[in-house]
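**Student:** Handing you this structure, nothing more for now.
The values are calculated or read from the model by the stated rules, or taken from the named source; none is laboratory data. If you're wondering where the values come from, they're calculated on a predicted model, not measured in any experiment. When we count neighbours, we look across all protein chains shown, and the Cβ atoms used for this are built from the backbone with ideal geometry, even at glycine.
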Amino acid sequence: MHVRTGTPIAPTTFSRGEALSLLSAGIAGPCCGEANEMLAWLYLLPPSEPASNETGAEAPVDRPRLWLRLRSLFDPTPASASGAGCGAWAACRQHRTRTCYRIDKLVYSSTLSLTGRRIIVSARLYSLLLIFILAASGAFSETLKLPDNLTGFSSPSGEGFLVESTAKEAYFPLASNFLTQKTQAYCGVASIVMVLNALNVPAPSVPEYEPYRTFTQDNVLNEHTEAILPRQVLDKQGMTLDQIGAILSTQPIKAEVRHASDASLEQFRTQASSFLSKPGHFVIVNYLRKAIGQEKGGHISPLAAYDEKADRFLILDVARYKYPPVWVKTVDLFGAMNTVDSDNQNRTRGYVLISSPSAE
């Protein structure tokens, strides 16, 4: 991912929370995986952990969110004036719970440096991030406000939950394949695509990506899925829990459907947390939004982690235009799954346990 470039980009600084929000904004395109990998590394840096020791790094500056102060992108102060070391994404010194990150373009590379780990970031992604700030500065104001019972992933508490979680094997592969659902009826489709790509299931070809192969929200639907759920019905009413399981079963993986009415709170907690703690294991949940204080109907998304201490699961919400990823209490999530779905013969919603044969 290392691309040489001589094009300078003026420096600026932004807080840890702003970096997390920026990278979790749903950047579309072929290089969104790189953005999600950067996001994954950022989330692993604990608020209390000192950043890498970069000499001459300046202290973070408290100010409004970056996209409300676009002028700061063009700060004319050269990097050398602040004494900042070489590195495009350089973690500056820790100041209480905030870590400052710089955007510079020095010499030929962009580098994300966090606690000794370095990731080379393509210049193309770098430019895309800056374009995104300018073109979508109001994106986050359009998402709906979270109720008090949910914790946003990019909040200090949300970051802390991930750091202390011991069941997060699903997080990295899912974060690298995080999608925004194509239509408001495609939450199930997007969730399935994320999991199939995370499992590295052999995928169909995609003409625009030749010779590379990947699952998309278009090619995952075929004659086999049409027999389970006709596209016309899908476009109108979305997907049910049993249809998720049936469509996943057309692939060389194992998918077990669990209706909430056939399980208990403790069974769900045990099964889901166990899956999230093992490589090659994933969980998709089907729940009623309004039961956890969101708006408003049935929804589908994958789980990425479980924090035992807080007893919360992390939902990577595929409706990224509507809600950010959230941590939800286990009892609240189970209650939201234990609701009747009139489109599924009045059976309750629930969850699907997914694994590859090689992971068993």
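Let's see how each residue does on (1) aliphatic (A, V, I, L, M); (2) farther than 26 Å from Gly152 by Cα; (3) in contact with a Leu (Cβ under 6 Å, 6 or more places away or on another chain); (4) in the same structural domain as Glu159 (by TED's automatic domain parsing):
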position	(1), (2), (3), (4)
Thr216	no, yes, no, yes
Thr225	no, yes, no, yes
Asp235	no, yes, no, yes
Glu256	no, yes, yes, yes
Leu288	yes, no, no, yes
Ala304	yes, no, yes, yes
Asp307	no, no, no, yes
Pro325	no, no, yes, yes
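**Student:** State all residues of segment 247-273 that are more than 25 Å from the chain's Cα centre (by Cα), among the aliphatic types (A, V, I, L, M) and not in a helix (DSSP H, G or I); if no residue qualifies, say none.
**Tutor:** Ala263
**Student:** Do you know which residues across segment 240-274 are buried (at least 20 other Cβ atoms within 10 Å of the Cβ) and among the polar types (S, T, N, Q)?
**Tutor:** If the condition is that a residue be buried (at least 20 other Cβ atoms within 10 Å of the Cβ) and among the polar types (S, T, N, Q), then Thr240, Gln243, Gln251, Ser273 are the ones that fit.
**Student:** When you scan segment 193-208, do you find a residue that is assigned to a loop (DSSP other than H, G, I, E, B), touching a Phe, Trp or Tyr at 6+ places or on another chain (Cβ under 8 Å) and touching a residue at least 24 places away in the same chain (Cβ under 8 Å), even just one?
**Tutor:** For segment 193-208, residues assigned to a loop (DSSP other than H, G, I, E, B), touching a Phe, Trp or Tyr at 6+ places or on another chain (Cβ under 8 Å) and touching a residue at least 24 places away in the same chain (Cβ under 8 Å): present.
**Student:** Within segment 152-192, take every residue that is assigned to a loop (DSSP other than H, G, I, E, B) and within 12 Å of the chain's Cα centre (by Cα) and give me the one that is farthest from Asn219 (Cα to Cα).
**Tutor:** Out of the qualifying residues, it is Ser154.
**Student:** When only residues in segment 323-360 that are over 15 Å from Val257 (Cβ atoms) and small (Gly, Ala, Ser) count, which is surrounded by the most Cβ atoms within 10 Å (Cβ to Cβ)?
**Tutor:** Here the residue is Ala336.
**Student:** Kindly indicate the residue of segment 280-296 that is out of contact with any Lys or Arg (no Cβ under 7 Å at 6 or more places or on another chain) and not in a loop (DSSP other than H, G, I, E, B) and also surrounded by the fewest Cβ atoms within 10 Å (Cβ to Cβ) among those meeting that condition.
**Tutor:** Ala291
**Student:** Under 6 Å between Cβ atoms, which residue pairs at least 6 apart in sequence (or on different chains) link something in segment 264-283 that is of a type in the set (Lys, Arg) with a partner that is at pLDDT 95 or above?
**Tutor:** Arg269/Thr330; Lys278/Glu169
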